[in-house]
Structure formats: C-alpha cells, structure tokens
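Just below is one structure, and these are the notes that go with it.
The values are calculated or read from the model by the stated rules, or taken from the named source; none is laboratory data. In this text, all values refer to a predicted model and were calculated from it rather than measured experimentally. For neighbour counting, all protein chains shown are included, and Cβ atoms are generated from backbone atoms with ideal geometry for every residue, glycine included. Side chains included, ligands, DNA and RNA excluded: accessible areas come from the protein's heavy atoms. Shrake-Rupley method; radii C 1.70, N 1.55, O 1.52, S 1.80 Å.
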Amino acid sequence: MIPVFGSCVAQMAYRPGLGLGMCAAEPRKGPGQPGAPLTPSNTPRPQWPYCEKRCSYCNFNKYIPRGVDEAAMRSCLVTEAQTLLRLSGVQRVESVFFGGGTPSLASPHTVAAVLEAVAQTAHLPADSEVTLEVNPTSAPASRLAAFGAAGVNRLSIGLQSLDDTELQLLGRTHSASDALQTLAEARRLFPGRVSVDLMLGLPAQQVGPWLRQLEELLRRCDDHVSLYQLSLERGTALFTRVQRGALPAPDPERAAEMYQEGRALLREAGFRQYEVSNFARHHWQQFEPQLTLGDVFGASEEVNRLLDQGLLLLDHRGLRCSWEGLAVLDSLLLTLLPRLQEAWQQKTPSPVPGG
C-alpha cells in the first residue's frame with residue numbers, strides 16, 4: 001500500500017482506505033521476514049485539500065477556505081510524511097506526487113518542507129521525480145519557478161478543456177488562454193516534464209470540436225497526456241443540473257467515440273498508451289534502460305498465461321494491454337507489479353535510510 005498523506009482536517013471526513021484522506025498506511029513486515037512485500041520504490045502522495053472554488057463535477061474531499069493557517073498545515077503534512085513512511089517500512093522513495101485539492105495554492109516553502117521530511121525518513125535519490133498538480137490560475141511563471149527551486153521537477157496541469165464555454169460549464173477558474181499560457185511557461189521551466197489533462201464526454205460535447213482541442217494540445221504539449229472521461233457524481237452541481245433537465249446527460253456512445261478517436265490521434269503523434277487514461281511518448285527506456293521487459297516478465301508463468309489469453313502483448317514495442325486487457329487492467333496489475341518489484345529488488349540493493 002502506498003502512503004497517501006492528507007490534511008488532518010481532511011482525514012476526519014474519510015474512512016481509512018478510501019484514498020485521498022487515508023490516515024495511515026498498512027504496516028509492512030521488515031526486509032527478509034517471511035511474507036515481506038517487495039517494495040523497491042514507493043510514491044508518497046501529499047494532499048493539499050484546499051481549492052479556490054469547487055468545480056461543478058468534483059466530489060473530492062476538499063475545502064474552500066476563507067483563510068488557511070499554512071504553518072499548521074505544513075506541520076501536519078510533515079508529521080504525516082514522517083509517520084506514514086516509518087509505519088509503512090518504506091526505505092526508498094523514487095517519486096513524490098503532490099495532489100489535492102489544488103496543491104499549487106500551497107507555498108513553495110511547504111512543498112520544500114515535505115520533501116525534506118521525506119528525505120530525512122527514507123532514501124530520496126537526487127533524481128527522484130517530484131510532481132506537482134497545477135491549475136492555470138494558481139501558477140504564474142514566478143510561482144512555478146519557485147516550486148522548481150523547492151524541489152519540484154515535473155508538473156501535471158489540469159487544463160481539462162480548451163473551450164471557454166466548456167470551462168465555464170465545469171466551473172473552472174481559468175480560460176483557454178490562461179491554460180495555454182501556463183502550459184507554455186511550464187514547458188519553458190520544466191522542459192520535457194509537463195503532463196496535461198483533457199476531459200471528454202461532457203454534456204452536449206461533440207466529437208469533432210473535441211478532437212480539434214486535442215490536436216491543438218498536441219501542438220503545444222510535451223510527452224505526457226491524460227484523457228479523462230467525465231463521471232457524473234451525486235452531490236455535484238453538474239449532476240444536479242443534469243438530473244433537473246437543465247443539461248443533457250452525457251452520451252456514453254459519443255464519449256466512447258471520443259476516446260477511440262483520441263487514442264488513434266495520440267498514437268499517430270507518437271504517444272503510446274500505458275494505462276487506460278494515460279499516454280506518453282517515452283516508457284520504459286527512461287525508467288530502466290538496462291533491464292528489458294523480456295528479462296522482467298518473459299519467464300513468469302502467470303504473465304505468459306495472460307499473454308496466451310490475449311490480455312497482454314509483449315514484443316519489441318513493449319509490454320501493454322490488449323483492447324480486451326484494458327477492461328481488466330486493475331486485475332492484471334496484481335500480477336505485473338509484484339514481478340516488476342521483485343526484478344527491481346534483485347537488481348538494486350536496499351539503501352540505508354537517509355543515505
């Protein structure tokens with residue numbers, strides 16, 4: 001189980017195990033003990049639970065405060081980072097992901113303090129990936145640069161749409177122009193390390209205009225794109241408007257067409273799909289250039305069984321789900337991740353915490 005850090009306040013609204021506000025990680029057995037999990041790397045996910053405004057589709061546990069005692073929040077996040085890493089027995093952290101909420105509303109000083117706490121508790125290599133989720137309206141160039149100085153080296157930008165009418169429907173606080181400006185500034189400061197999100201399946205959204213948005217984005221983005229289908233969640237403003245008939249319900253067939261056409265467009269642009277919603281130009285070579293996928297998975301009976309069933313594909317292009325396999329990705333990961341972790345641990349000796 002990967003440690004997930006949430007604010008002290010946010011935890012009270014969630015039961016343990018539901019993700020965003022999880023209070024503690026499951027204790028791990030020590031290295032060498034029977035049944036000890038193979039954990040070559042882990043990704044702490046500190047959560048900043050505050051936003052400027054609640055988007056119309058969002059049902060995450062978040063708060064729209066009149067004021068935030070950031071010193072108290074910083075202390076809480078630091079304590080959680082130290083406590084959860086110790087409880088989980090994690091010795092090495094390969095990446096850190098600051099999510100939310102809107103973590104770009106936090107100060108760079110808070111981000112730096114959490115990273116320092118992680119580094120003091122576990123081994124955090126100098127080249128670890130540190131990602132910060134960013135909303136365009138909360139991230140001018142000077143602030144992005146300050147986050148870089150604090151230790152962030154990758155940005156995930158929630159653009160969601162390049163259409164101002166759609167952005168208003170979603171309750172976003174930025175315009176399409178704001179989004180593109182933030183993207184340009186992010187690419188300048190973090191070249192090759194910027195990810196963007198685009199939503200599909202909105203009420204009344206049409207395939208052609210949405211594909212043109214994606215084409216525009218591909219002319220301006222780096223090597224990672226996430227496509228997320230809108231999910232109408234009870235309790236959200238958008239759900240209420242659809243239920244009352246003020247907006248048409250999203251068309252699932254049209255959303256499926258957007259997804260299919262979007263996948264094809266991304267493939268033509270050199271992107272490869274490595275997860276249901278995520279596409280990247282470069283995989284595995286950046287992750288571990290000296291360890292081939294055949295070395296890791298080729299000898300596994302379980303993996304070969306999945307290959308025979310047509311759920312996985314493994315060839316010179318890499319390891320990936322088939323079309324049928326994407327529908328059961330979560331169950332496939334239960335087989336793939338332990339094998340990957342075992343291969344990594346056999347190759348990489350466990351470092352001394354803080355070393």
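Give the residues of the stretch 66-105 that are in contact with a helix residue (DSSP H, G or I) (Cβ under 7 Å, 6 or more places away or on another chain) and closer than 17 Å to Thr121 by Cβ, sorted by residue number.
Passing the criteria: Arg74, Cys76, Leu77, Val78, Ala81, Gln82, Leu85, Arg86, Val93, Val96, Phe98.
Just give me the residues in the stretch 139-162 being hydroxyl-bearing (Ser, Thr, Tyr) and either open to solvent by 40 Å² or more (accessible area, probe 1.4 Å) or in contact with a helix residue (DSSP H, G or I) (Cβ under 7 Å, 6 or more places away or on another chain) (or both), in sequence order. Don't jump to the end; show me each part of the working.
Of all residues in the stretch 139-162, those hydroxyl-bearing (Ser, Thr, Tyr) come to 142, 156, 161.
Listed by number, the residues that qualify are Ser142, Ser161.
Just for the stretch 121-138: of the residues that are under 28 Å from Arg172 (Cα atoms) and open to solvent by 20 Å² or more (accessible area, probe 1.4 Å), which one is modelled with the lowest pLDDT? Write out each step before concluding.
Pass one, the stretch 121-138, residues under 28 Å from Arg172 (Cα atoms): 129-138.
Retained after the next criterion (residues that are open to solvent by 20 Å² or more (accessible area, probe 1.4 Å)): 129, 133, 135, 137.
On the way: Glu129: 94, Glu133: 96, Asn135: 93, Thr137: 86.
Looking at residues that are under 28 Å from Arg172 (Cα atoms) and open to solvent by 20 Å² or more (accessible area, probe 1.4 Å), I get Thr137.
Looking at the stretch 212-242, which of its residues are of a type in the set (A, V, I, L, M) and in a loop (DSSP other than H, G, I, E, B)?
Across the stretch 212-242, the qualifying residues are Leu230, Leu232.
Go through (1) within 24 Å of the chain's Cα centre (by Cα); (2) surrounded by 14 or more Cβ atoms within 10 Å (Cβ to Cβ); (3) within 30 Å of Leu217 (Cβ to Cβ) one by one and return the number of the condition Leu333 breaks.
Tallying (1) within 24 Å of the chain's Cα centre (by Cα); (2) surrounded by 14 or more Cβ atoms within 10 Å (Cβ to Cβ); (3) within 30 Å of Leu217 (Cβ to Cβ), Leu333 fails exactly one: (2).
When both residues are 6+ apart or on different chains and their Cβ atoms are under 8 Å apart, which pairs have a first residue that lies in the stretch 286-306 and is surrounded by 14 or more Cβ atoms within 10 Å (Cβ to Cβ), and a second that is in a helix (DSSP H, G or I) and at pLDDT below 80?
That search, which allows pairs on different chains as well, returns Glu288/Trp344; Leu291/Ala343; Leu291/Trp344; Leu291/Lys347; Leu293/Trp284; Val296/Ala343.
What residue, among those in the stretch 179-211 that are among the aliphatic types (A, V, I, L, M) and assigned to a helix (DSSP H, G or I), is surrounded by the fewest Cβ atoms within 10 Å (Cβ to Cβ)?
By that ranking, first place goes to Ala184.
If you check every pair at least six apart or on different chains, which have Cβ atoms under 6 Å apart with a residue in the stretch 219-235 that is farther than 24 Å from Arg281 by Cα first and a residue that is part of a strand (DSSP E or B) and modelled with pLDDT of 95 or more second?
Within 6 Å, the pairs are Leu230/Met199.
Based on what the data block shows, is Ala255 open to solvent by 40 Å² or more (accessible area, probe 1.4 Å), closer than 27 Å to Lys53 by Cα and over 19 Å from the mean Cα position of the chain (by Cα)?
No, not satisfied.
Per-residue answers, yes or no, for (1) modelled with pLDDT under 95; (2) over 21 Å from the mean Cα position of the chain (by Cα); (3) aliphatic (A, V, I, L, M):
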| residue | (1), (2), (3) |
| --- | --- |
| Ile157 | no, no, yes |
| Leu170 | no, no, yes |
| Pro203 | no, yes, no |
| Leu211 | no, yes, yes |
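Might you check whether a residue that is within 21 Å of Trp344 (Cα to Cα), open to solvent by 10 Å² or more (accessible area, probe 1.4 Å) and of a type in the set (S, T, N, Q) occurs anywhere in the stretch 90-112?
Checked the stretch 90-112: at least one residue is within 21 Å of Trp344 (Cα to Cα), open to solvent by 10 Å² or more (accessible area, probe 1.4 Å) and of a type in the set (S, T, N, Q).
Can Cys76 be described as farther than 18 Å from Arg193 by Cβ, in contact with an Asp or Glu (Cβ under 9 Å, 6 or more places away or on another chain) and either surrounded by fewer than 23 Cβ atoms within 10 Å (Cβ to Cβ) or without any contact (Cβ under 8 Å) to a residue 24 or more places away in the chain (or both)?
no
Please give the number of the condition Val118 fails out of (1) surrounded by fewer than 20 Cβ atoms within 10 Å (Cβ to Cβ); (2) out of contact with any Phe, Trp or Tyr (no Cβ under 7 Å at 6 or more places or on another chain); (3) not charged (D, E, K, R).
Here Val118 clears every test but (1).
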